[in-house]
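Okay, so here's the structure we're looking at.
The values are calculated or read from the model by the stated rules, or taken from the named source; none is laboratory data. As the structure is a prediction and not an experimental result, all values here were calculated from the model. As a convention, Cβ positions derive from the backbone with ideal geometry for all residues, glycine included, and neighbour counts pool all protein chains shown. Protein only, heavy atoms only, side chains kept; ligands, DNA and RNA dropped before computing areas. Shrake-Rupley method; radii C 1.70, N 1.55, O 1.52, S 1.80 Å.
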Number of protein chains: 2
Amino acid sequence: MTNIAICAPATPITRDHAAALEALVAAEFPTHSVTFHEQCFASSGHFAGDDLTRLGALLDCANDPAFDAVWFARGGYGSNRIAEAAVARMNASARSKTYVGFSDCGYLLAALYRAGIGQCAHGSMPVSAGSEGGREAVRRVLRWFAGDNSGLEPSLDGVIPAAAFNLITLTMLARTPIMPDLTDHVVMVEEVSEHLYAVDRMFFALSSSLPRIAGLRLGAITAVPENYVEFGQSADEIARFWCDRAGIRYLGRAEIGHSAANRVVPFGLAGPAGAA
Amino acid sequence: MTNIAICAPATPITRDHAAALEALVAAEFPTHSVTFHEQCFASSGHFAGDDLTRLGALLDCANDPAFDAVWFARGGYGSNRIAEAAVARMNASARSKTYVGFSDCGYLLAALYRAGIGQCAHGSMPVSAGSEGGREAVRRVLRWFAGDNSGLEPSLDGVIPAAAFNLITLTMLARTPIMPDLTDHVVMVEEVSEHLYAVDRMFFALSSSLPRIAGLRLGAITAVPENYVEFGQSADEIARFWCDRAGIRYLGRAEIGHSAANRVVPFGLAGPAGAA
């Protein structure tokens with residue numbers, strides 16, 4: 001039995017999202033149980049409740065020994081505002097859990113990984129259970145919770161540690177107190193709904209900020225808005241340009257991103273050998 | 001006579017933009033001459049020519065003793081890609097010039113200010129001469145070139161050094177080799193066409209990156225796109241929140257931004273006492 005607690009450190013989900021995940025788990029993953037914290041449905045302006053409400057719910061889930069894993073309900077924006085405080089208040093029970101999410105929830109994965117708390121993984125989130133394509137991405141996470149590694153990013157070799165982030169999330173956290181040490185890691189980045197000039201700009205910022213990493217992989221760059229002019233370089237060319245310029249090994253693509261193809265990337269060395 | 005060279009380190013302008021500025025200068029500023037580098041009208045994907053073309057034009061203008069000032073034609077995106085190389089190749093003549101621009105051209109102002117080259121100033125750009133409102137902002141810069149300080153940001157006191165940046169520009173350059181030392185400066189930031197959650201996210205990133213500054217002023221936050229939900233805090237509240245959280249003195253508003261009200265902010269101590 002894997003007991004999974006779900007909270008929303010950034011933006012809220014609806015009860016329909018929750019029902020869709022509960023139905024999927026009941027039908028296909030009888031050894032899992034999912035528990036939605038009531039805070040998932042709270043709302044305060046942009047956020048799923050104010051900072052203290054979101055922080056409290058995250059700590060309720062992380063610090064409760066009844067749960068094996070904490071799954072972040074959805075990204076959006078906002079987990080950065082509570083990440084430092086959350087990590088500072090986590091107990092021994094929190095340290096033995098698995099934490100899964102991506103996109104904006106990368107701030108939490110960063111802070112947890114930096115603090116050495118639990119097993120972090122980049123993976124799709126409960127909100128995606130509401131769509132057919134999203135359900136397949138959600139199944140990869142649920143399988144991984146059950147020790148089935150078939151949904152892992154295929155390049156993971158269990159030898160070189162890895163971490164995966166949304167590009168703007170990593171760019172924004174790179175100089176803050178929640179930045180983990182990514183030395184010797186393969187770093188994977190993906191982006192959604194950003195212009196290619198903004199992707200270029202983030203690589204400019206990020207490529208000067210990273211330590212000596214093992215290499216960079218580019219995930220999917222999806223939903224690029226149309227601009228008044230073609231940028232003139234593809235996302236792959238942009239990544240290659242800045243990696244070359246900054247002396248970072250460019251390793252090619254990774255199957256992560258804001259799409260149904262999004263794979264699981266456990267942080268560190270938790271590769272194909274075994275789940276959390 | 002002030003001889004002003006104009007080049008486009010980011011995106012191109014049209015010949016109509018150039019003609020509008022030339023007409024304005026001829027009609028109202030007979031002691032100025034403006035010379036557009038042909039590169040202003042070049043195009044390569046997103047940019048006003050490829051990196052080498054833009055770099056070459058900037059150096060043509062900066063290193064030529066015939067010019068007193070270099071005025072960046074327009075922002076957009078791209079000056080970050082050539083800023084380090086440009087500063088490394090500037091000669092003695094470049095060191096005695098005035099450099100004016102803002103928005104994306106803040107990367108150049110940062111690199112120049114860091115290197116102690118010339119007198120940098122945040123100010124409107126030639127592209128704005130094409131619109132009635134923009135012309136008034138352009139006149140402030142032209143007046144300042146002539147030693148008339150009436151268009152300066154009113155809070156400048158000539159005692160505390162200042163610098164002004166587009167928010168995402170400063171956020172992106174904060175950890176790169178072109179970041180100047182802003183210790184003890186009043187730092188002013190403005191933004192355009194960004195969601196309030198993105199403004200919040202940039203303050204999160206930036207407030208951990210700044211040295212001990214004299215304080216922060218918030219310029220105009222314009223053309224904020226509509227989001228599916230109200231953010232819940234105003235731009236002023238966001239700035240205040242992050243300044244409070246990071247231990248930065250919040251000094252209120254500044255009259256800078258992507259609007260006709262944009263004022264001139266000379267970098268450093270070149271306040272009301274005298275122009276460049």
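Here are A:Asp60, A:Asp16, A:Asp68: which of them is more than 14 Å from every other protein chain (Cβ to nearest Cβ), open to solvent by 30 Å² or more (accessible area, probe 1.4 Å), in contact with a His (Cβ under 7 Å, 6 or more places away or on another chain) and not hydrophobic (A, V, I, L, M, F, W, C)?
Values: A:Asp16 fails: in contact with a His (Cβ under 7 Å, 6 or more places away or on another chain); A:Asp68 fails: in contact with a His (Cβ under 7 Å, 6 or more places away or on another chain).
One residue alone meets the criteria, A:Asp60.
Just to be sure I understand, how many residues within the stretch B:45-54 are crowded, with 21+ Cβ neighbours inside 10 Å and on the phi < 0 side of the Ramachandran plot? Talk me through it step by step, then tell me what you get.
Taking the stretch B:45-54 and keeping what is crowded, with 21+ Cβ neighbours inside 10 Å, we get B:46-49, B:54.
This time we only want the ones that are on the phi < 0 side of the Ramachandran plot, so: B:46-48, B:54.
Qualifying residue count for the region: 4.
Can you say whether A:Ala5 is more than 14 Å from chain B (Cβ to nearest Cβ), open to solvent by less than 20 Å² (accessible area, probe 1.4 Å) and touching a Ser or Thr at 6+ places or on another chain (Cβ under 6 Å), as far as the supplied structure shows?
Numbers: more than 14 Å from chain B (Cβ to nearest Cβ): yes; open to solvent by less than 20 Å² (accessible area, probe 1.4 Å): yes; touching a Ser or Thr at 6+ places or on another chain (Cβ under 6 Å): yes.
So A:Ala5 fits the description; yes.
Mind listing just one residue for me: the one in the stretch A:162-190 that is in a loop (DSSP other than H, G, I, E, B) and of a type in the set (D, E, K, R) and, of those, nearest to the other protein chains (Cβ to nearest Cβ)? Spell out the reasoning first.
Quick first cut of the stretch A:162-190, residues in a loop (DSSP other than H, G, I, E, B) only: A:174-185.
Still in the list and also of a type in the set (D, E, K, R): A:175, A:181, A:184.
On the way: A:Arg175: 5, A:Asp181: 16, A:Asp184: 20 Å.
My answer is A:Arg175.
Hey, could you check the stretch B:208-235 for residues that are open to solvent by less than 20 Å² (accessible area, probe 1.4 Å) and not in a loop (DSSP other than H, G, I, E, B) and say which is farthest from B:Leu251 (Cα to Cα)?
Only one residue fits best here, namely B:Ala235.
Exactly one condition in (1) free of Cβ contacts under 8 Å to residues at least 40 places away in the same chain; (2) touching a Leu at 6+ places or on another chain (Cβ under 7 Å); (3) closer than 26 Å to B:Ile82 by Cα is not met by B:Cys120; state its number.
Going through (1) free of Cβ contacts under 8 Å to residues at least 40 places away in the same chain; (2) touching a Leu at 6+ places or on another chain (Cβ under 7 Å); (3) closer than 26 Å to B:Ile82 by Cα one by one, B:Cys120 breaks only (1).
Could we say that B:Val100 is more than 14 Å from chain A (Cβ to nearest Cβ), of a type in the set (A, V, I, L, M, F, W, C) and open to solvent by less than 10 Å² (accessible area, probe 1.4 Å) here? Steps first, answer last, please.
On the way: more than 14 Å from chain A (Cβ to nearest Cβ): yes; of a type in the set (A, V, I, L, M, F, W, C): yes; open to solvent by less than 10 Å² (accessible area, probe 1.4 Å): yes.
So B:Val100 passes the test.
Tell me, please, whether a residue that is closer than 21 Å to B:Arg175 by Cβ, surrounded by 22 or more Cβ atoms within 10 Å (Cβ to Cβ) and in contact with a helix residue (DSSP H, G or I) (Cβ under 6 Å, 6 or more places away or on another chain) can be found in the stretch A:180-198.
yes
Please work out if B:Pro211 is within 14 Å of chain A (Cβ to nearest Cβ) and either under 30 Å from B:Asn149 (Cβ atoms) or not acidic (Asp, Glu) (or both).
Values: within 14 Å of chain A (Cβ to nearest Cβ): yes; either under 30 Å from B:Asn149 (Cβ atoms) or not acidic (Asp, Glu) (or both): yes.
Taking the combined requirement at face value, the residue satisfies it.
If you check B:Val138 against the conditions, is it open to solvent by less than 10 Å² (accessible area, probe 1.4 Å) and not small (Gly, Ala, Ser)?
Values: open to solvent by less than 10 Å² (accessible area, probe 1.4 Å): yes; not small (Gly, Ala, Ser): yes.
Yes; evaluated as a whole, the condition is true for this residue.
Among the numbered conditions (1) away from chain B (no Cβ under 14 Å); (2) open to solvent by less than 50 Å² (accessible area, probe 1.4 Å); (3) not basic (Lys, Arg), tell me where A:Ala92 comes up short.
(2)
Report whether or not B:Ala42 is within 14 Å of another protein chain (Cβ to nearest Cβ), open to solvent by less than 10 Å² (accessible area, probe 1.4 Å) and more than 16 Å from the chain's Cα centre (by Cα). Before you say what the answer is, go through the steps one by one.
Details: within 14 Å of another protein chain (Cβ to nearest Cβ): yes; open to solvent by less than 10 Å² (accessible area, probe 1.4 Å): no; more than 16 Å from the chain's Cα centre (by Cα): yes.
Here the answer is no, as B:Ala42 does not meet what is asked.
I'd like the residue in the stretch B:236-256 that is within 13 Å of chain A (Cβ to nearest Cβ) and crowded, with 18+ Cβ neighbours inside 10 Å and, out of all such residues, is farthest from A:Ser43 (Cα to Cα).
Only one residue tops the list, namely B:Trp242.
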